[in-house]
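**Q** Handing you this structure, nothing more for now.
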Amino acid sequence: MHTDANCIFCKIVNNDIPSYKVYEDDDVVAFLDISQVTKGHTLVIPKHHAKNIYELPSDVASDVFKAVPGIASAIQRETGAIGMNVLSNAEQIAGQTVYHFHIHLLPRYGHEDGFDAKWETHNDAYTPEEMSSLAAQIKQRV
Ligand code: AMP
Ligand code: ZN
């Protein structure tokens, strides 16, 4: 198991600093995000230290993602939230501040509940040919 002695989430995994854990198994920990953007805001992390989604080994990704539905449903049942945003920030431009991969579970209660994401649509910005070529180029690299 890869850990980083200077990483705050590795410290949470090792119980070197306190946290409000809501789930733990051999490979995964989930705990309340200290910022509580919305009530029940939770982080799901692998015990294995990986910087972000780009560096997440696929077996570690399997371990983390398979734990998410159960945790999300438990949060929903406990809080009575009417929806949830599931997101992971990679790199500074996307808002990443802790460089140990994590998934945010953000229960939603209404439009002014503390979380917001701007979501501009640009449907007309690309021709079908450009969309097709972009998809083919990405597909080549997967
Ligand atoms: P991100 O900005 O996507 O990297 O998310 C990092 C999150 O970690 C932020 O929402 C912080 O509030 C949260 N966070 C940082 N330190 C702790 C901590 N000790 N316990 C719980 N959450 C933390
Ligand atoms: Zn770490």
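**Q** Please report the accessible area of S19 (heavy atoms, 1.4 Å probe, ligands and nucleic acids excluded) in Å², nearest 10.
**A** About 40 Å², ignoring ligands and nucleic acids.
**Q** In square angstrom, what is the accessible area per residue of the chain with a 1.4 angstrom probe?
**A** That works out to 67 Å² per residue.
**Q** Now for a different question. In whole percent, and with a 1.4 Å probe on the protein chains, what portion of the accessible area of the stretch 8-141 is carbon and sulfur?
**A** Carbon and sulfur atoms account for 53 percent of the accessible area of the stretch 8-141.
**Q** Among the lysines, which have Cα under 19 Å from the Cα of K47 when same-chain residues fewer than 8 positions away are ignored?
**A** K11, K21, K66
**Q** For the chain, modelled as a GNM with alpha-carbon contacts under 10 angstrom, which of H41, H122, H111 fluctuates the most?
**A** Most flexible of the set in this elastic network: H122.
The values are calculated or read from the model by the stated rules, or taken from the named source; none is laboratory data. These numbers come from a predicted model, not from an experiment. SASA here: full protein model, heavy atoms, side chains in, ligands and nucleic acids out. Shrake-Rupley method; radii C 1.70, N 1.55, O 1.52, S 1.80 Å.
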